[in-house]
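A.B. asks: So that we are looking at the same thing, I have put the structure below in structure tokens.
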Amino acid sequence: MDAMTHNLPAAAADPVTFYGTEVTSRLLLGTAQYPSPAILAEAIRASGTEIVTVSLRRESGAAKAGQSFWQLIRDLGVKVLPNTAGCRTVKEAVTTAEMARELFGTPWVKLEVIGEDDTLQPDVFGLVEAARILTRDGFQVFPYTTEDLVVAEKLVSAGCEVLMPWGAPIGSGRGLNNPYGLRSMRAHFPGIPLVVDAGVGLPSHAAAAMELGYDAVLLNTAVAKAGDPVRMARAFAAAIAAGREAVIADPMEVRDMAAPSTPVMGRALLGS
Amino acid sequence: MKIIVNGEPADTVAGTLAGLLAELELAGAIVATALNGDMVRAARREATPIAEGDRVEILAPMQGG
């Protein structure tokens with residue numbers, strides 16, 4: 001057998017679909033907090049991601065930082081998922097989404113309505129209302145939510161075809177705070193693409209999310225704030241691919257007691 | 001005329017939102033605009049007058065998570 005063919009990852013033929021758009025990489029990467037634009041670009045390339053999150057901020061006449069950033073993203077040829085980060089009311093989030101749609105030319109929006117400052121926990125009531133308004137207006141909403149099933153149901157009723165529950169508070173790096181809740185969500189919405197968004201700190205956290213059957217992982221700080229963001233981007237790509245492969249491979253069942261893996265039959269008797 | 005641009009007090013002689021962008025050397029820039037909290041589409045900027053005390057937001061693509 002050709003060794004090269006043998007080593008090809010099966011994940012290459014395993015796309016995920018968000019609102020009719022197929023992507024192969026199951027890593028969605030944020031673009032904030034990198035040491036430099038060059039390292040950001042290199043990390044995006046190393047991650048293999050096809051979707052990056054972006055934002056809208058005030059442009060100053062002199063610096064025009066936004067223009068060069070946008071050029072960099074366009075040169076990389078990745079899809080953008082604009083966010084409504086920092087929005088605290090439905091009105092703010094909806095207006096920001098409308099401005100993002102015009103600016104980035106995409107109906108996609110990562111909808112954030114923040115309800116609490118210490119945890120940056122979503123205001124799920126505002127989130128559902130904003131999602132309803134935006135989907136009615138033709139947006140394809142990726143809601144940043146919690147693992148609450150009732151909220152998730154209401155988001156789906158509002159027209160969301162993707163759900164993005166948090167792993168842990170944004171930027172905390174704590175990993176999956178509530179694996180049971182995330183597992184319940186996966187079981188409850190077998191047909192909806194689910195993305196763990198926020199709180200992931202290590203590649204093992206991302207692999208764990210994938211092993212729970214999640215379709216993708218969205219992260220930013222874990223890569224941007226690593227000592228070597230490019231290398232960490234590569235590590236996350238490998239972990240997410242591994243977790244996905246594991247789910248497809250159908251893991252063994254956990255048991256309480258030991259079960260010898262080496263055959264017992266034919267064992268020599270060597271004691272006195 | 002005194003207005004607020006991106007949260008900062010500003011003086012302008014521009015009569016429209018498009019005129020203000022030109023004054024700020026952002027005429028050709030990729031930006032989205034809002035006037036007093038409501039979005040103004042690019043196509044509407046020429047026809048959108050600005051008045052004393054107006055709050056203008058000029059937003060550009062930026063890094064985000």
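A.B. asks: Condition first: within 14 Å of another protein chain (Cβ to nearest Cβ) and at pLDDT 95 or above. Can you find one or more residues in segment A:145-162 that meet it? Walk me through it before giving the result.
C.D. replies: Of the residues in segment A:145-162, the ones within 14 Å of another protein chain (Cβ to nearest Cβ) are none.
Checked against the condition, which is being within 14 Å of another protein chain (Cβ to nearest Cβ) and at pLDDT 95 or above, segment A:145-162 yields no hits at all.
A.B. asks: Then there is this: Given the structure, is B:Gly28 open to solvent by 20 Å² or more (accessible area, probe 1.4 Å) and more than 8 Å from chain A (Cβ to nearest Cβ)? I'd like the intermediate steps shown before the answer.
C.D. replies: On the way: open to solvent by 20 Å² or more (accessible area, probe 1.4 Å): yes; more than 8 Å from chain A (Cβ to nearest Cβ): yes.
Here the answer is yes, as B:Gly28 does meet what is asked.
A.B. asks: Among the candidates A:Val200, A:Val217, single out the residue that is of a type outside the set (Ser, Thr, Tyr), free of Cβ contacts under 8 Å to residues at least 60 places away in the same chain and more than 18 Å from A:Val94 (Cα to Cα). Please lay out each step first, then the result.
C.D. replies: Working: A:Val217 fails: free of Cβ contacts under 8 Å to residues at least 60 places away in the same chain.
From the options A:Val200, A:Val217, the qualifying one is A:Val200.
A.B. asks: Filter segment A:96-107 for residues that are within 9 Å of chain B (Cβ to nearest Cβ) and touching a residue at least 40 places away in the same chain (Cβ under 8 Å) and give the result.
C.D. replies: Result: A:Thr96, A:Met99, A:Ala100, A:Leu103, A:Phe104.
A.B. asks: Also, quick follow-up: Scan the strands (runs of 3 or more DSSP E) fully inside chain B and keep the ones with 1 or more residues being within 30 Å of A:Thr221 (Cα to Cα) and in contact with a Lys or Arg (Cβ under 8 Å, 6 or more places away or on another chain).
C.D. replies: Working: elements: B:2-5, B:8-11, B:32-35, B:38-40, B:55-63.
Output list reads B:32-35, B:55-63.
A.B. asks: Restricting to segment A:214-245, count the residues that are over 18 Å from A:Ala43 (Cβ atoms), open to solvent by less than 30 Å² (accessible area, probe 1.4 Å) and more than 13 Å from the chain's Cα centre (by Cα).
C.D. replies: Of the residues in that region, 1 qualify.
A.B. asks: I would also like to ask the following. For segment A:203-213, enumerate the residues that are more than 13 Å from the chain's Cα centre (by Cα), touching a residue at least 40 places away in the same chain (Cβ under 8 Å) and either within 18 Å of A:Glu22 (Cα to Cα) or open to solvent by less than 40 Å² (accessible area, probe 1.4 Å) (or both).
C.D. replies: Those that are more than 13 Å from the chain's Cα centre (by Cα), touching a residue at least 40 places away in the same chain (Cβ under 8 Å) and either within 18 Å of A:Glu22 (Cα to Cα) or open to solvent by less than 40 Å² (accessible area, probe 1.4 Å) (or both): none in segment A:203-213.
A.B. asks: From the list B:Gly19, B:Gly7, B:Gly64, which one is open to solvent by less than 30 Å² (accessible area, probe 1.4 Å) and at the interface with another protein chain (Cβ under 9 Å from one of its Cβ atoms)?
C.D. replies: Values: B:Gly19 fails: at the interface with another protein chain (Cβ under 9 Å from one of its Cβ atoms); B:Gly7 fails: open to solvent by less than 30 Å² (accessible area, probe 1.4 Å).
Criteria check complete, one pass: B:Gly64.
A.B. asks: Continuing with the same structure: Assess whether A:Glu42 counts as being open to solvent by 30 Å² or more (accessible area, probe 1.4 Å), more than 13 Å from chain B (Cβ to nearest Cβ) and without any contact (Cβ under 8 Å) to a residue 40 or more places away in the chain. Even if it seems obvious, please write down each step before you answer.
C.D. replies: Values: open to solvent by 30 Å² or more (accessible area, probe 1.4 Å): yes; more than 13 Å from chain B (Cβ to nearest Cβ): yes; without any contact (Cβ under 8 Å) to a residue 40 or more places away in the chain: no.
It is false that A:Glu42 is open to solvent by 30 Å² or more (accessible area, probe 1.4 Å), more than 13 Å from chain B (Cβ to nearest Cβ) and without any contact (Cβ under 8 Å) to a residue 40 or more places away in the chain.
A.B. asks: Okay, next question. For residues that are over 21 Å from A:Ala246 (Cβ atoms) and surrounded by fewer than 17 Cβ atoms within 10 Å (Cβ to Cβ), tally how many sit in segment A:18-36. Can you show your working first?
C.D. replies: Just the residues of segment A:18-36 that are over 21 Å from A:Ala246 (Cβ atoms), to begin with: A:18-22, A:29-36.
With surrounded by fewer than 17 Cβ atoms within 10 Å (Cβ to Cβ) added as a condition, the list becomes A:19-22, A:33, A:35-36.
So the count comes out to 7.
A.B. asks: Regarding segment A:108-124, can at least one residue be identified that is within 12 Å of chain B (Cβ to nearest Cβ), without any contact (Cβ under 8 Å) to a residue 12 or more places away in the chain and either open to solvent by 20 Å² or more (accessible area, probe 1.4 Å) or among the hydroxyl-bearing types (Ser, Thr, Tyr) (or both)?
C.D. replies: If we filter segment A:108-124 for residues that are within 12 Å of chain B (Cβ to nearest Cβ), which is where we start, we get A:109-110, A:112, A:120.
Checking which are without any contact (Cβ under 8 Å) to a residue 12 or more places away in the chain leaves us with none.
No.
A.B. asks: While we're on this one: Take the residues in segment A:48-72 that are part of a helix (DSSP H, G or I) and within 7 Å of another protein chain (Cβ to nearest Cβ), then tell me which one is surrounded by the most Cβ atoms within 10 Å (Cβ to Cβ).
C.D. replies: Our first condition is that a residue be part of a helix (DSSP H, G or I); within segment A:48-72, this holds for A:65-72.
Then keep just the ones that are within 7 Å of another protein chain (Cβ to nearest Cβ); that gives A:66-67, A:69-70.
Values: A:Gly66: 26, A:Gln67: 17, A:Phe69: 22, A:Trp70: 19.
Out of the qualifying residues, it is A:Gly66.
A.B. asks: What are the residues in segment A:76-95 that are facing chain B (nearest Cβ under 10 Å) and either open to solvent by less than 30 Å² (accessible area, probe 1.4 Å) or within 18 Å of A:Asp197 (Cα to Cα) (or both), if any? Walk me through how you get there before you give the answer.
C.D. replies: Of segment A:76-95, the ones facing chain B (nearest Cβ under 10 Å) are A:80-86, A:91-92, A:94-95.
Passing the criteria: A:Val80, A:Leu81, A:Pro82, A:Asn83, A:Thr84, A:Ala85, A:Gly86, A:Val94, A:Thr95.
A.B. asks: When segment A:169-196 is examined, which residues are found to be within 14 Å of chain B (Cβ to nearest Cβ) and open to solvent by less than 10 Å² (accessible area, probe 1.4 Å)? Steps first, please.
C.D. replies: Residues of segment A:169-196 within 14 Å of chain B (Cβ to nearest Cβ): A:169-173, A:195-196.
Within segment A:169-196, A:Val195, A:Val196 meet the criteria.
The values are calculated or read from the model by the stated rules, or taken from the named source; none is laboratory data. As the structure is a prediction and not an experimental result, all values here were calculated from the model. Reconstructed Cβ throughout: ideal geometry from the backbone, glycine too, with neighbour counts over all protein chains shown. Just the protein is used for accessible areas: all its heavy atoms, side chains included, with ligands, DNA and RNA removed. Shrake-Rupley method; radii C 1.70, N 1.55, O 1.52, S 1.80 Å.
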